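The values are calculated or read from the model by the stated rules, or taken from the named source; none is laboratory data. Keep in mind that what you see is a predicted model, and the values were worked out from it rather than measured. Every residue, glycine among them, receives a Cβ derived from its backbone with ideal geometry; neighbour counts consider all protein chains shown. In case anyone asks, the SASA skips ligands and DNA or RNA and just uses the protein heavy atoms, side chains included. Shrake-Rupley method; radii C 1.70, N 1.55, O 1.52, S 1.80 Å.
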Amino acid sequence: MARDLIFDVPPRPTEPGDILMDIPTTTGDHLRLRLYRDEDSEEVRHLFLSCIVDGPDAPVARGIKDQLFRIVCFSNVLLIAYYLVAPSSLQAQVIASFGGVTYLPLAIWGLLSIGFMCLSAYSVKNAYYTHCNRGLQEELVDLGSHYYNPRARALGCKKWVIEDVGKSRVVGCVGFDNSSPSPLVRRMSVNPEYQGQGLGKLLIKTLIDHVEWYNHEVRTENVKGGKLVEEIVLTTTTYQPPAVHLYTKNGWVLQGYTKLVWWMIGLNLLTFSKKF
């Protein structure tokens, strides 16, 4: 069961690998929240990809199951409606047009349904792999230079990770990117094995605390070249319900959605925002 974690994150680690806090758990794991360092690069990429494409509860699997369920339901409804509504004379004409073979229309309908199911599964996978590749081509190409170059530091850009110290692996991450026209939350990810412990909420709270501190520094002119953050934006998809629940529960507002596949119902990219 998820727990509501409330932490006072101490200010203000600035260098790669700086530790913010040790995270209390009920599982005995030694978890630590700290800033990203270059050694985390491959693990962060793997975490981002695995959270999207791996496992039965990953967005890809959820999306494929939902789309196949929709197709099966729609196909069966049309078939039942045909046999219930279509006049017997019309049904006889259809069978006659297939050489009088009674089962042939059903077989063709079944093959068409299977073909459409395969197309839907491919489209869901392709949409998410395109999303992942876009992330890999943006800040995930070189996380260190993206978040720790002089301009990024002046703009308050940060990347945080949660590390399982005992297993020496990264199990959560999130980034704040103020270098784009609209400040963004980047690649919020928590390993599914560690979900339900409030780690996502902790990452988001850490990011928000940082933005509030950064805005204070900009207003008091303690940051040269800074840019005041009035609103931050993040995106997720309809097949990531834990993320959607986390954001809505913590005050993020849904601004709109974009279809990832134009003809597909239910597969949308959701845009949330939070004002400061």
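Expressed as a whole percent, the accessible surface of the chain that belongs to carbon and sulfur atoms is 60, based on a 1.4 Å probe. Computed over the stretch 60-117, the convex hull of the alpha-carbon atoms projects to a mean area of 4.1 nm². With 28 Å as the limit, the listed pairs Lys125/Lys167; Lys65/Lys167; Lys159/Lys224 have Lys125/Lys167; Lys65/Lys167 beyond it between alpha carbons.
The spread of Cα positions in the stretch 168-222, taken along each principal axis and listed from longest to shortest, comes to 42, 20, 20 Å.
Using only Cα atoms, what Kirkwood radius does the stretch 81-159 have, in angstroms? Mean inverse Cα-Cα distance, inverted, gives 17.7 Å. Within the chain, the proportion of Cα pairs with more than 35 Å between them is 31 percent. Across the protein chains, with a 1.4 Å probe defining accessible surface, the residues Lys205, Lys275, Lys249, Lys224 rank Lys224, Lys275, Lys249, Lys205 from largest area downward. For the stretch 126-204, taking Cα atoms only, Rg and Dmax work out to 13.6, 39 Å respectively. Based on alpha-carbon atoms, the Kirkwood radius and the radius of gyration of the stretch 173-276 give Rg/Rh equal to 1.01. Of the candidates Phe48, Phe98, Phe74, which one comes out as most mobile in a Gaussian network treatment of the chain with C-alpha springs shorter than 10 Å? Comparing Phe48, Phe98, Phe74 in the GNM, the peak value goes to Phe98.
Taking amide H positions as modeled 1.01 Å from N, with prolines and chain starts lacking one, the residues under 5 Å from Asn268 and 5 or more places away or on another chain are Thr238, Tyr239, Leu260. Highest mean packing comes first when the peptides 118-129, 232-243 are listed by Cβ atoms within 10 Å, giving 232-243, 118-129. Remark: the stretch 241-246, residue by residue, has Karplus-estimated 3J(HN,Hα) of x, x, 5, 4, 4, 4 Hz, where x stands for each Gly or Pro and the curve is 6.51 cos²θ - 1.76 cosθ + 1.60 at θ = phi - 60°.
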